[in-house]
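Some notes on the structure that comes next.
Where a number appears in this text, it was derived from the coordinates with a stated rule and is not lab data. These numbers come from a predicted model, not from an experiment. Glycine gets a Cβ as well: all are built from the backbone with ideal geometry, and neighbour counts include every protein chain shown.
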Amino acid sequence: MKWLEHQRIRHILRHHPIPLEYWEAVIKGSDLFHRLTSVERAHLRELATLFIRRKSFSAVQGFELTTEKVVMIAAQACLPILKLGLDYYNDWVEMVIYPAGFRVTREQRRESGVVEEAAQALSGEAWLQGPVILAWDEIEADLAHPHSGRNVVIHELAHKIDMLNGAANGLPPLHADMSQQHWSTAFSHAFDNLNQSLEKHHHPAINPYAATNPAEFFAVVSEYFFSDPKTLQRHYPAVYEQLTTFYRQDPLE
Ligand SMILES: [Zn+2]
């Protein structure tokens, strides 16, 4: 089986790679990918090619998905796993794309036991073992400002990586050479620091949405790691260091 799968992958990469015209348009069209070497870009193209084959992309609310848009999403989605491999995205298949931010209604259980329906506006969502949902207008805005610290595709895929060992909690499955204690110390100090500065009404070092909970913190710092690494490294160097070890990349190199 392994051998057959290997042959199949080789066949796809050799005969059905992402067409070069689309690939170059995406890679050269956004600063997000500029730091990558030519070898890394070629590897990212392979991962994105296989990502597109393995995932199902569906557009809703009349949105039209073109090859170029799918390639744009796949290239960003594969950036976090460039050195980790596509297996990190194994337990789900569906990508759902909305034209713009979407509203969802959720049941929220109050402490009193009352369940309320609350409407929320979202630009992306990742379900445990379920789909990744994204809003196209947000994806476009992120690519136009690649160093803003915001990237909805990376945010949702970071949740998926976090969910590899159960519900999202800000602790993805660490590599054997990593220490859970070092990770937890770095992340909890930074998380507390951000919450404290918000309580004091200070200007937050990073997107305050990160203060929501440890899962959102991990997703938001992952966005910074790939799109604005300088800001993350300056304010939370220990978190930055843990992420270089985890993602096996150093965007500031
Ligand atoms: Zn999130």
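Electrostatic bookkeeping for Leu198 treats Lys and Arg as +1 and Asp and Glu as -1; over the other residues with beta carbon under 15 Å from its beta carbon, the sum is -2. If the chain linking His182 and Leu20 were pulled fully straight, counting 0.36 nm for each residue of separation and taking away their Cα-Cα distance, it would gain 54.1 nm. In this label model, Asn193 and Leu128 are separated by 3.1 nm, measuring between points 7 Å along each Cα→Cβ vector.
Over the chain, Cα pairs under 8 Å with separation of 6+ residues give a relative contact order of 16 percent.
Note on the chain: helix-only mean residue ellipticity at 222 nm, from DSSP H runs of 4+ residues weighted -39500 (n - 2.57) and normalised by residue number, equals -15500 deg cm²/dmol. Per-residue 3J(HN,Hα) values for region 212-228, derived from phi via the Karplus relation 6.51 cos²θ - 1.76 cosθ + 1.60 with θ = phi - 60°, read 4, 6, x, 5, 5, 4, 4, 5, 5, 5, 5, 4, 5, 3, 8, 10, 8 Hz in sequence order (x marks Gly and Pro).
Starting from the Cα of Lys55, draw a straight line to each of the lysines and keep only those under 25 Å, dropping any in the same chain fewer than 8 residues away. Lys55 reaches Lys2, Lys28, Lys69, Lys83, Lys160. Each of Thr212 and Glu94 was given a label point 7 Å from its Cα along the Cα-to-Cβ line. The distance between the two points is 2.0 nm. Relative contact order of region 169-253, taken over Cα pairs closer than 8 Å and 6 or more residues apart, is 31 percent.
Between 0 and 90 degrees, the angle of helix 180-199 with respect to the longest Cα principal axis of the chain falls at about 60 degrees. If R₀ is 30 angstrom, what is the calculated FRET efficiency for the pair Thr245 and Leu4, using the beta carbon separation as r and rounding to 0.05? Efficiency computed from Cβ-Cβ geometry: 0.30. Under the combined filter of DSSP loop state and at most 12 neighbouring Cβ atoms within 10 Å, region 185-253 retains these trypsin sites (Lys or Arg not before Pro): Lys200, Arg248.
Beta bridges assigned by DSSP with both partners in region 1-145 are antiparallel in approximately 60 percent of cases. Relative contact order, percent, of region 1-76 when contacts are C-alpha pairs under 8 Å separated by at least 6 residues? Taking the mean separation of contacting Cα pairs over the length of region 1-76, I get 38 percent. Along region 123-134 the Karplus relation, 6.51 cos²θ - 1.76 cosθ + 1.60 evaluated at θ = phi - 60°, assigns HN-Hα couplings of 10, x, 7, 10, 9, 4, 6, x, x, 9, 10, 9 Hz to successive residues, with x for each Gly and Pro. The slack in the chain from Phe63 to Ala119, taken as 0.36 nm per residue of separation less the alpha-carbon distance, amounts to 17.9 nm.
If only the Cβ of Lys and Arg carry +1 and only the Cβ of Asp and Glu carry -1, the dipole of the chain around its Cα centre is close to 660 debye.
Using the average count of surrounding beta-carbon atoms within 10 Å as a protection proxy, the listed peptides 45-58, 14-27 rank, highest first, as 45-58, 14-27. Given +1 at the Cβ of Lys and Arg, -1 at the Cβ of Asp and Glu and no other charges, the dipole of region 169-253 around its Cα centre is 120 debye to the nearest 20.
Take the Cα of His202, step 7 Å toward its Cβ, do the same at Ala42, and the gap between the two points is 4.7 nm. Just to verify a number: FRET efficiency for Ala238 and His34, C-beta to C-beta distance, R0 = 25 Å, to 0.05? Efficiency computed from Cβ-Cβ geometry: 0.40. With both residues required to sit in the chain, DSSP beta bridges show an antiparallel share near 60%.
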